[in-house]
1. Can you give the FRET efficiency to the nearest 0.05 for Q157 and D344, using r as the Cβ-Cβ distance and R₀ = 45 Å?
2. Would you mind checking segment 40-61 for residues with the amide N under 20 Å from a putative spin-label position 7 Å along Cα→C-beta of R97?
3. Could you estimate the translational diffusion coefficient of segment 178-262 from the Stokes-Einstein equation, with Rh from the Kirkwood formula over C-alpha pairs, at 4 °C and 1.567 mPa s, in whole µm²/s?
4. Once phi is turned into θ = phi - 60°, what whole-Hz ³J(HN,Hα) does the Karplus curve with 6.51, -1.76 and 1.60 give for every residue of segment 166-173, x standing for Gly and Pro?
5. By per-residue mean of other Cβ atoms within 10 Å, what is the highest-first order of 220-230, 384-394?
6. In whole Hz, what ³J(HN,Hα) sequence does segment 335-345 give by Karplus (6.51, -1.76, 1.60; θ = phi - 60°), x for Gly and Pro?
Amino acid sequence: MRADDESGQALVLVVGAMAALLAGAGGLGMLARGLGAQADHQRAADLGALAGARALVDAFPRALQPPGSSRRIGAAAYLELARSIAVSTAGRNGAHRVAVRFAPGPLPERVTVTVSDPIGVPGGGLVSAPVTAEAELAAFAQPIGDGEYPGPYAYRQGKPMRPDTALAFDRMAAAARRGGLALSVVSGYRSNAEQARLFAEHPDPKWVAPPGQSLHRLGTELDLGPPAAYGWLAANGKQFGFVQRYSWEPWHYGLQGNPGSASVGFAPPGAGAASSVPSFVPAAYRDALRRAATRWSVGAALLAAQLQQESGFDPRSVSSAGAQGIAQFMPGTARSYGLSDPFDAAASINAQAHLMHDLLRRFASVPLALAAYNAGAGRVAACWCVPQIAETQAYVARIVAIARGAGVTAGSGEPVVRLIR
């Protein structure tokens, strides 16, 4: 082979290699642009979700106004306002296909924004790559204690109650009116002090609960009338979130599915509140506890006190009853919370925070949530009290004492918003 033939072939190879390199660079460039577009879409979704949640906070006082008020904003308009702000905010940040949804309930706690704009891919094609962001209204701070709700209040027919209770009552009362009934609110929130005076006048626990045990202290309970409405309430209350608490009180209905705004033990609002880990937590578990507290909006001090009582922070602990790991999960409960290995400390702490979040939502009280964790939710729901079980009562008292010492206190009470995914 002549040298000039070899150099000519070498030139062809070089040109081919350069072409391949340029083609690859072009593909990488398109890929980079596609990834950059997806990052832009995520930013638009994040900002849209935060703006929608902020709109819910800002319009909150108007949503609480009683029917007939000139400042009142109805439930549909309340959500539509937040939806339009979320969409417009995402749009100003480059998104075009924007979907918004809200968590169910009379007072939405979460706003989810999905951006489905197409993005470019190598080869010149387009693909729809949805991205999602979710923001939540953080819980109103509550002091640890027996669950007495300290506000803010909404008023219906002059009776105070929790804001979400009022909004749910509005929906139920409107439906009752369509059925020809005018519901009346006989009683709403009562403090422990008010309950003590009432009990002193009528010391029969079947008819008047002792102070500290009355559910009216939670702000979720309503005594309703008139008697002609009892049948309608029994048939329709549940679809509006209300259940009849006691079979012998056809007038007493309570709001279920309690959000964090009523549940002591939820992390106080403000930056870093959920992640304030007490000093007695071993270093090996501090990060896991901080992450779980932040993810599930449960106070880190409460979770830490519970872990101290459950296992003394021993991830290999096994109780005589078969509870396992640092958070002492029974196998069935572990499975229901997706915990495959109870001896994995980080996973167990996350599952513990998830379970406590759910129990605080349901029972709206630290002692009741702790009692349900220890004795089972069914036993607590049966009496809406800490059951008369020596182990459970000691368990609750000990954890509350530890958590108080660790600094669980009330915050400012101002709602805040934050991204959760």
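1. On the way: r = 52 Å, r/R0 = 1.16.
Efficiency, rounded to the nearest 0.05: 0.30.
2. From segment 40-61, the list is 40-49.
3. The calculation lands on 95 µm²/s.
4. Going residue by residue, I get 5, 5, 5, 5, 4, 5, 5, 5 Hz, with x marking Gly and Pro.
5. The densest-packed peptide leads the list: 220-230, 384-394.
6. Ordered by residue, 3J(HN,Hα) equals 4, 5, 9, x, 9, 7, 10, x, 8, 7, 4 Hz.
We did not get these values from a lab; they are worked out from the coordinates using the rules stated. Every value quoted in this text rests on a predicted model; they were computed, and no experiment measured them. Ideal geometry is used to build each Cβ from the backbone, glycine not excepted, and the neighbour counts take in all protein chains shown.
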